[in-house]
1. Any lysines with Cα under 18 Å of the Lys487 Cα? List them, leaving off those in the same chain fewer than 8 positions away.
2. Bin width 5 Å, alpha-carbon pairs only: give the P(r) of the stretch 255-354 as whole percents, running from 0 to the bin holding the largest distance.
3. Pop a pseudo-label 7 angstrom from the Cα along the beta-carbon direction at both Glu407 and Tyr656 and give the gap in nm to one decimal.
4. By DSSP, what percent of the beta bridges with both residues in the chain are antiparallel, rounded to the nearest 5?
5. To the nearest Å, what is the center-to-center distance of the stretch 23-39 and the stretch 543-606, using C-alpha atoms only?
6. Nearest 0.05, what FRET efficiency do Arg149 and Thr490 give at R0 = 22 Å with Cβ-Cβ as r?
7. Starting from the Cα-Cα distance between Ala115 and Asp131, subtract it from 0.36 nm times their residue separation and give me the gain in nm to one decimal.
8. Using just the Cα positions, wrap the stretch 435-525 in a convex hull and report its mean projected area in square nanometres, one decimal place.
Amino acid sequence: MSMKKFVTCFVFVSLCAVGAMAQGKQAEEADEAFRKGMYANAIELYKKAYTTEKKVSEKARLIFQVGEVYRAMGDAANAEVWYEKANKAQYPDPITYYYIGEALKEQGKYAEAIAAYNKYKEKNPGDTRADASLAACQQAQAWVDAPSRYKVDPEVLLNSPQYDFSATYSDKRNSDVVFASSRPASTGTEMDGILGESFTDLFASSRDKLGKWSEPVRLPPAINTPAHEGSATFNSKRNMMFFTRCPHEKKKAFGCDIWVTKKVGNNYSEPVMLPLRPEQGKNDTVTITFGHPTLSPDDQTMVFSSNMKGGQGGKDLWKVNLNKEGMPVGAPVNLGKEINTKNNEMFPFWRENGDLYFSSNRIGGMGGMDIYKATKTGEGTWGHVENMKYPVNSASDDFSIVFDGNEERGLFTSNRPGGKGEDDIWRFYVPDLVFALQGVVKDKVTGELLPDAKVEVVGTDGSNYSSLTDAQGAFAFEESGKDRYIKENTSYTIRASKDNYLVVNDQITTVGLTESTTFVKEYLLQPAAKNVVIELPEVQFELDKATLTPQGQDSLQVLYQTLIENPTITIELAAHTDTRGSDKYNLDLSQRRAQSCVNYLVSKGIDPARMTAKGYGETRPRITDAEIAKMATNEEKEAAHQKNRRVEFSVKSFDYVPATDTPQGTPSN
């Protein structure tokens with residue numbers, strides 16, 4: 001885990017394991033600096049000790065210790081380099097391969113990390129600690145390959161080459177922010193021996209209507225001191241600020257505390273420290289620290305991070321009730337195993353909808369610190385912890401997320417590539433899905449493109465618009481000024497029409513779609529000039545009877561839909577038989593069959609005035625008896641007779657006026 005998260009707003013000391021004590025004075029000083037968390041100093045001292053050390057095994061240990069310091073600082077690239085050097089110097093413990101894997105993982109080099117973990121397993125069989133990291137690498141790569149809908153970009157105007165982190169909204173419109181930075185303008189002029197950076201201060205910036213951030217300005221001296229000031233949060237009225245302050249002296253580090261100040265305009269009152277710190281016994285060697293406050297939407301509860309006793313290990317998230325002055329009431333309560341692990345949980349954010357977001361370096365992440373979401377399960381309780389995945393998370397450190405109200409956008413901190421350097425503030429958002437409808441309209445019989453065909457679109461959101469196809473028969477509904485024709489979570493009915501053609505209806509929907517989509521359609525319009533015969537799917541009857549079979553009724557659905565979609569046409573419904581049997585019988589049978597079809601459509605609600613039943617018997621065969629007689633097999637002959645037994649229709653007029661009291665398609669009594 002990145003040590004800069006400890007330091008720049010949350011200092012912890014006496015937590016670093018150091019190998020066997022060195023013999024040389026410089027090496028002892030280096031070990032001591034490492035123990036105290038003075039990392040920049042420790043690296044310098046280890047390198048000096050190496051130049052004077054003659055014992056081969058001790059030289060290897062010193063190289064390894066430099067890797068350890070870089071690992072503690074969160075500098076994965078340098079950690080990898082120095083662990084590799086330790087291997088070349090024949091450092092005896094294969095743990096180097098495990099840490100190389102961790103460093104590669106934090107650089108997003110998942111395939112190389114897997115190889116390093118496997119090398120560790122090979123050299124240290126029976127040790128399963130690499131198994132979870134191997135699985136995490138495979139999972140992380142899968143998340144990168146299938147990113148979430150969030151997009152992320154650095155907030156360039158807020159960032160500097162130094163550490164910039166933990167932005168929080170400081171006004172009700174969420175257009176002003178306060179964030180921590182170690183940029184040169186910060187109050188602490190000395191260099192921090194831990195990171196070799198300036199001390200951190202709180203800065204403010206405002207966003208104009210165009211979204212441009214103003215030049216960040218340091219908060220007044222009442223807030224910023226020579227110590228570290230870090231992660232802050234505001235109450236719902238934005239008139240109280242809670243923030244983290246970490247005292248610091250040369251070669252010493254102290255635990256952080258949470259402070260509160262009242263805001264009036266751009267001025268802040270003298271801060272008051274929240275009395276959260278328990279009494280420590282004489283034998284307590286770990287410095288207790290508190291930081292990263294966030295408030296419930298009603299301002300009555302604060303969640304924060306601390307390593308005090310009674311947690312799950314490392315830094316945990318705790319909650320405590322607050323009075324109207326922002327002071328704690330009662331003892332803090334650990335959020336429990338559902339949220340906390342033996343690793344570090346920090347940077348909580350209590351969203352307006354009740355969900356809790358936080359950062360952790362727990363097992364199973366993408367590398368470094370990841371941001372997690374815990375769903376509200378009750379008042380001040382959460383569960384169902386899930387990783388925010390890529391691209392909100394990355395192989396680098398990702399932490400300190402804040403949401404812009406209930407919008408799916410906000411700010412977070414990351415030290416991933418692409419920023420100005422070190423930790424930077426990034427924005428995240430869900431881009432609007434972009435939908436479009438385009439296509440062509442063609443003549444169904446000839447395949448020719450149809451210009452000036454009308455395409456109408458009606459949406460479930462009340463939208464209604466139309467367009468004519470161009471000379472190439474094409475149409476497109478894309479941008480409508482600054483808006484879009486086709487929108488999210490909407491269904492549309494489409495109607496393509498042209499004079500002397502039957503209408504085609506279609507439906508599209510964007511409901512449930514999570515990716516931008518262009519719907520591409522080809523509408524084939526059936527020519528319907530007067531008396532042009534239009535075939536229907538085979539309509540089946542009982543043998544030598546006019547009774548429709550269920551399959552025959554299904555076949556008439558095409559004609560039923562055509563009559564519904566074209567409410568001004570009238571038709572002749574024609575039935576034909578084959579040439580076998582007497583002319584009179586076939587004429588009578590075909591007439592009864594045509595009438596049976598009309599009666600069925602009337603029962604479905606089609607006005608009988610729109611349909612004429614006509615039986616043609618065997619007077620209009622598609623295939624003549626002479627042609628059938630020449631066919632070689634009985635199968636061919638029977639198929640020809642079948643083609644002659646058919647039902648078809650033709651349009652007789654286009655100017656029928658529907659009755660106003662009987663909607664078409666609704667069965668009448």
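Each value in this text was obtained by applying a stated rule to the coordinates, not by laboratory testing. Since this is a predicted model, take the numbers as computed values, not measurements. Every residue, glycine as well, gets a Cβ built from its backbone with ideal geometry; the counts of neighbours run over all protein chains shown.
1. Within the straight-line limit of under 18 Å, Lys487 reaches these lysines: Lys521.
2. Result, from short to long distances: 2, 12, 21, 24, 20, 12, 5, 3, 1, 0 percent.
3. 5.4 nm
4. DSSP beta bridges in the chain are roughly 90 percent antiparallel.
5. 98 Å
6. 0.80
7. That works out to 4.6 nm of additional length.
8. Taking the Cα atoms of the stretch 435-525, their convex hull projects to 5.9 nm² on average.
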